[in-house]
1. Among 302, 312, which comes first, second and so on when ranked by fewest other beta-carbon atoms within 10 Å?
2. Can you put 434, 239, 403, 328 in order of Cβ neighbours within 10 angstrom, beginning with the fewest?
3. Holding the Cα-Cα limit at 29 Å, pick out from 197/417; 39/200; 197/255; 122/406; 74/197; 122/228 the pairs that are longer than that.
4. Please arrange 136, 214, 275, 78 by counting, for each residue, the other beta carbons lying within 10 Å of its beta carbon, fewest first.
5. Under the 0.36 nm per residue contour assumption, what length would be gained going from the current alpha-carbon distance of residue 381 and residue 296 to full extension?
6. Just to be sure I understand the model, the point goes 7 Å from the Cα along the line to the Cβ. What's the resulting residue 30 to residue 155 distance in nm?
7. Among bridges DSSP assigns within the range 4-192, what percent are antiparallel (round to 5)?
8. Going 7 Å from the Cα of residue 84 in the Cα-to-Cβ direction, what parts of the range 171-206 have a backbone nitrogen less than 20 Å from that spot?
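Taken together, the values in this text are just the output of simple stated rules run on the coordinates, not laboratory data. Since we're looking at a predicted model, the values are computed, not measured. Neighbour counts are summed over all protein chains in view; Cβ atoms, including those assigned to glycine, are modelled from backbone coordinates with ideal geometry.
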Amino acid sequence: MFSRRSFFSGAGAITAAAAAASVSRAAMAALPEPVMQTKPDTMPPLVPTTGRPYNPVVTLNGWTLPWRMNNGVKEFHLVAEPVVREMSPGFKAHLWGYNGQSPGPTIEVVEGDRVRIFVTNKLPEHTTVHWHGQRLPNGMDGVAGLNQPAIQPGKTFVYEFVARRPGTFMYHPHADEMTQMAMGMMGFWITHPALAKGAKHPLIEEVDRDFVFLLNAYDIDPGAYTPKIMTMLDFNLWSWNSRVFPGIDPLVVRKNDKVRIRIGNLTMTNHPIHLHGHEFMVTGTDGGPTPKAARWPEVTTDVAVGQMRQIDFVAEEEGDWAFHCHKSHHTMNAMGHDVPTMIGVDHRGIAKQITKLIPDYMVMSERGMADMAEMEMPLPDNTAPMMTGDGPVGSVEMGGMFSMLKVRRDQKAGDYKDPGWYQHPKGTVAYEWSGSMPEPTRFQSDGGQSMPTKNMPMKEVEVQVRKPVGHTGH
Ligand SMILES: [Cu+2]
């Protein structure tokens, strides 16, 4: 499938320059075996056994791509191909990705590493890879037609450059981009700082746990398997690493761990990412580490389209803390659309009439949408429930971009196993009031700021709040 001839014509002078006496031409010509991974589990960090040492990251519901050292060059092999991704238990999507998964595996290197990436195209159409955020030779930037010819189906191209600055990066196609990103083609890239033994980076603190995930979005009709690629804004599945809650693994840490979370956004809208129970600092952006004087504590950080954010905090508070996008329609799965607001509308009479015609007819959201979470509703096959997730004391009523930070005193260093639900110390959980209810005292004054209404006959006006049903422009 792959000849030495095509390898040399693809890599050109770069390969010749890297060829050294100790490496035979045959060894240089051999393509590194691609490593595949199809399970959606969060894989343990890949501790480097070759190359310079670093503290590896943990990819949420993902993995890091192994490499081989070839005469001092780190060689990776990415295979662009159709994949089946389990987005949550019982719900599979037919996507495009790399090496068996969407998103593709995380690539981890060290500042100053010379990196060679072989990209084989097994898609039915041409592709390229753009190394989002990197400093590199212009011809390695991966924009089809501008920097290189597109990689045709069945062909392999070679990218080679030095990872010049430490930070958080992404990779994705820059050929038929709308289709290929809507189909799930993307991945993470971490360049760890190069440090002399025992030295500390002035702006990149060492952490105990370093999590990474991409924000991505899909438009898959309930019951269908393949995303609609023409969708511009009206996506119905808001995912982290192509997983939706309850399919997203919790971020498990030990109490007082220094924790870093890196988030990249390859959706078509912004996501205010919110952590409960802790304040964090944005310690890095697309451009690298944030200067110390420019950091301030926050509990929510907005990750705009195409951006990366790195947040750091100390996990001081034990518990199961919600961690999610703060756009409430992004913590729901498909079917969130085109459901009219029915709160306060008593339509029992109508329902009875309709049930005569359509026996399965269901009245939705008369008291709010929470019923949707508990309802054992007949869903089409291969559909994630709209809001679900059983917590220890009821339904969490969430979907989409939602997970938990689980902080435990007795979690072992380097152990990422889910410890189960938090056992609250006695007297620290909100509880039902069982005493009497006094009549509320109403405030009688006209108020210092309002206009006097004394001799003005006022008509009482009640305002009905109506949520827009369309989803254009979020
Ligand atoms: Cu969001």
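1. Values: 302 15, 312 20.
Ordered by Cβ neighbours within 10 Å, fewest first: 302, 312.
2. 434, 328, 403, 239
3. Values: 197/417 31 Å; 39/200 36 Å; 197/255 27 Å; 122/406 39 Å; 74/197 21 Å; 122/228 21 Å.
Over 29 Å apart, Cα to Cα: 197/417; 39/200; 122/406.
4. Working: 136 18, 214 28, 275 21, 78 24.
Fewest-to-most Cβ neighbours within 10 Å comes out as 136, 275, 78, 214.
5. Numbers: separation 85, 0.36 × 85 = 30.60 nm, distance 4.64 nm.
Net length gain for the segment: 26.0 nm.
6. Distance between the two pseudo-spin positions: 2.7 nm.
7. In the range 4-192, DSSP labels about 65 percent of beta bridges as antiparallel.
8. Label zone hits: 183-185.
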